[in-house]
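Below: one structure, written as structure tokens.
The values are calculated or read from the model by the stated rules, or taken from the named source; none is laboratory data. Keep in mind the model is a prediction, meaning the values are calculated, not measured. All Cβ positions, glycine included, derive from the backbone under ideal geometry; neighbour counts span all protein chains shown.
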Amino acid sequence: MLKHKPQIVEIIDKRQESVRVTTLYISVDNYPTVVPGQFVMVWAPEAEEIPLAVSEQRESVIAISIDRVGPTTEILCSKTVGEVVGLRGPYGRGFDLKSGSNYLLVGSGCGVSPLIFASSRLKESGKKVDMVIDARSKEELCFIDWAEKMGISTFISTHDGSMGFRGYGSELVKEIISGGYDFVLSCGPEPMMREVNKTCIKLKIMFQSSLERYMRCGFGLCGSCAIDPTGHLVCLDGPVFDGETLSKMSSIGNSKRLRNGAVKKI
Amino acid sequence: MEQSRRSDGASPQTAVQLCGIEFPNPFILASGVLGIAGSVIRRVADAGAGGAVTKTVSYEPREGYDNPVVVEVDGGFLNAVGIPNPGFRHFRDEIVTAKLGGIPVIASAMAKNPEEFAMVAAALEDYGANAIELNVSCPHVDRMGDQVGQDSSLLKDVVQAVTSKVGIPVWVKLTPNVSSIVEEGIVCEESGADALVAINTLKAMTIDVDTFKPILSNRFGGLSGPAIRTVAVRCVYELYENVSIPVIGVGGVTDWRAAVEFFLAGAQAVQVGTSIAYSGLDIFNDLNVGLQSFIRKKGFSSTSDIVGLAHKR
């Protein structure tokens, strides 16, 4: 079997998480153990191939949660049970789920999806886990029910105040961070992760964030997902990066590399 | 032996001089691999590469093709990335950053006519490139790439226009998708090229048997990796016999033995691209260590001692 060739696999279940986010459950055979934070390259044969974080894995099923933001994600979100997609991976470096004992997971929108996967593995290994779930408004909150089912305390923030704390997830983090956490994992908009990292650095709490960039190969060959100025590749060195490394990536929250390689200020 | 493990990859034995440029070792990063960002080229330099060719830069910005653009096949990869790049006017910073890596940076250029080629090349020289590599050989771009390489008259005009415009060396990357790569090479030499790079990818495709669809969104792409090595070695061998300018080999350099095949065939240096997918950036250190061992074991004293030895009868 060729690692970097899409394998055609079947969708066996589907779930709507929010107005924008859909989870597809996919049947896989002899699949490697995915580390939460890793991603797969998903090919919708009628459209494109995009990177998506794995949000769950059990036996012969993996789940991917898709934020409907463009033509390919639209097509993926409207696929039905029985239809197929192409899959290759898993790729990248996942989260460190060993070094801490009291984890706070901070996610926004669909960024919560790899964190949900991380929290289920953390709970299985007996770690303490709390979660901040953030979104622009209550319609865009997702995975609260997954967290509750796992018995995880969740703190909600919405930017428009329609539910929970009114403000950004990074602000809510500042209010609760003195709750004894020793490791924070984060996934969401770059300014949020940058702020949460600053909070953790100040309090000497371990921190990891999951980044995303436009990707092509997904395995460290084309360079499309390079972060300036460090030259880290999101697909190979990441998508998970620790706080110290994130601090050196001055482009985070400031500029990004576009599809054609040009650097654009955000 | 300690000297060979230095991460800067410099070794008096394996250093080569090509077109007046000093390369600390003969292993150069190939175009299209990692070289879209200067910051990544610096990492490649730190990993021990002797030089680096940038991503191909074109006259106009290009978005590239939709994914899938890369797929693994038996013995290599197909790619039809589509030469995404910000256009030559927006590439200065990448070259300036890349040069901080301390190794020669060769800028790859592509355009559709001699005038545009000359403008792109002149700008890249201005940004600080040590040499220009003309992409007249990509098999999957419309009206450019190998459609230039396959047209002798256009190829001649392009090479002449560029060499008369820039002062730095001009290399031409040849396509194997022609009936005679030797003819292609001779045209380039006669038009003033300073070196030939052989080979670019082979035009190819792969079809998914479950969905009946070609996997690459562009349907056709270029085959690279070990699967093309014997074709590349043959091309280098033939070119070495027929031109007197240096030949640089590329195509499936996965380890030091593959590299030595190219040197014996007549290459003065080799480029490494696809093999990074198999071995990561550690490959440069492995290549350097392996070549040094080989040179020593065979009783030679430098890379240039073994160039072309396969031609001796």
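The residues in the stretch A:1-27 that are surrounded by 18 or more Cβ atoms within 10 Å (Cβ to Cβ) and either more than 13 Å from every other protein chain (Cβ to nearest Cβ) or over 27 Å from B:Thr206 (Cα atoms) (or both) can be counted, and the count is 10.
Which ranges mark the helices (runs of 4 or more DSSP H) fully within the stretch B:244-313 that have 3 or more residues being of a type outside the set (D, E, K, R) and under 21 Å from B:Asp46 (Cα atoms)? By residue number, B:275-279, B:283-297.
Matching residues to (1) free of Cβ contacts under 8 Å to residues at least 24 places away in the same chain; (2) farther than 20 Å from B:Cys19 by Cβ:
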{"site": "B:Gly101", "(1), (2)": "no, no"}
{"site": "B:Gln147", "(1), (2)": "yes, yes"}
{"site": "B:Val172", "(1), (2)": "no, no"}
{"site": "B:Thr175", "(1), (2)": "no, yes"}
{"site": "B:Ser191", "(1), (2)": "no, no"}
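Among the residues of this structure, B:Gly76 does not count as one that is modelled with pLDDT of 95 or more and farther than 25 Å from B:Leu287 by Cα. Return a yes/no flag: does the stretch B:171-179 have any residue that is at pLDDT below 95, assigned to a loop (DSSP other than H, G, I, E, B) and more than 17 Å from the chain's Cα centre (by Cα). Within the stretch B:171-179 (the criterion being at pLDDT below 95, assigned to a loop (DSSP other than H, G, I, E, B) and more than 17 Å from the chain's Cα centre (by Cα)), the answer is yes, since at least one residue qualifies. Looking across the stretch A:28-46, the residues that are surrounded by 19 or more Cβ atoms within 10 Å (Cβ to Cβ) and within 14 Å of chain B (Cβ to nearest Cβ) come down to A:Phe39, A:Val40, A:Met41, A:Val42, A:Trp43, A:Ala44, A:Pro45. Apart from one condition, B:Ala121 fits all of (1) buried (at least 24 other Cβ atoms within 10 Å of the Cβ); (2) within 29 Å of B:Gly192 (Cβ to Cβ); (3) within 10 Å of another protein chain (Cβ to nearest Cβ); (4) not acidic (Asp, Glu); the exception is (3). Of the listed requirements (1) surrounded by fewer than 20 Cβ atoms within 10 Å (Cβ to Cβ); (2) in contact (Cβ under 8 Å) with a residue 12 or more places away in the chain; (3) more than 8 Å from chain B (Cβ to nearest Cβ), A:Val263 misses just one: (3).
When only residues in the stretch A:188-230 that are part of a strand (DSSP E or B) and within 25 Å of B:Pro86 (Cβ to Cβ) count, which is nearest to the other protein chains (Cβ to nearest Cβ)? Selected residue: A:Ala226. Could you tell me whether any residue of the stretch A:227-234 is of a type outside the set (S, T, N, Q), touching a residue at least 24 places away in the same chain (Cβ under 8 Å) and surrounded by fewer than 23 Cβ atoms within 10 Å (Cβ to Cβ)? The answer is yes, given that some residue of the stretch A:227-234 is of a type outside the set (S, T, N, Q), touching a residue at least 24 places away in the same chain (Cβ under 8 Å) and surrounded by fewer than 23 Cβ atoms within 10 Å (Cβ to Cβ). Looking at the stretch B:171-198 only, could you name the residues that are among the β-branched types (Val, Ile, Thr) and either surrounded by fewer than 24 Cβ atoms within 10 Å (Cβ to Cβ) or closer than 16 Å to B:Arg234 by Cα (or both)? Correct list: B:Thr175, B:Val178, B:Ile181, B:Val182, B:Ile186, B:Val187, B:Val197. Checking each residue in the stretch A:130-173 for being in contact (Cβ under 8 Å) with a residue 60 or more places away in the chain, part of a helix (DSSP H, G or I) and among the hydrophobic types (A, V, I, L, M, F, W, C) picks out only A:Val173. Filtering the stretch A:236-260 to residues that are modelled with pLDDT under 90 and either away from chain B (no Cβ under 14 Å) or not in a strand (DSSP E or B) (or both) leaves only A:Leu258.
Across the stretch A:70-123, the qualifying residues are those that are β-branched (Val, Ile, Thr) and touching a helix residue (DSSP H, G or I) at 6+ places or on another chain (Cβ under 6 Å), and the one among them that is farthest from A:Val9 (Cα to Cα) is A:Val106.
Scan the stretch B:272-292 residue by residue and report those that are more than 14 Å from chain A (Cβ to nearest Cβ) and either touching a Ser or Thr at 6+ places or on another chain (Cβ under 8 Å) or among the charged types (D, E, K, R) (or both). Hits for the stretch B:272-292 are B:Asn285, B:Asp286, B:Asn288, B:Val289, B:Leu291, B:Gln292. Highlighted here are the strands (runs of 3 or more DSSP E) found entirely within the stretch B:61-113 that include at least 2 residues which are buried (at least 24 other Cβ atoms within 10 Å of the Cβ) and within 17 Å of the chain's Cα centre (by Cα): B:76-79, B:105-110.
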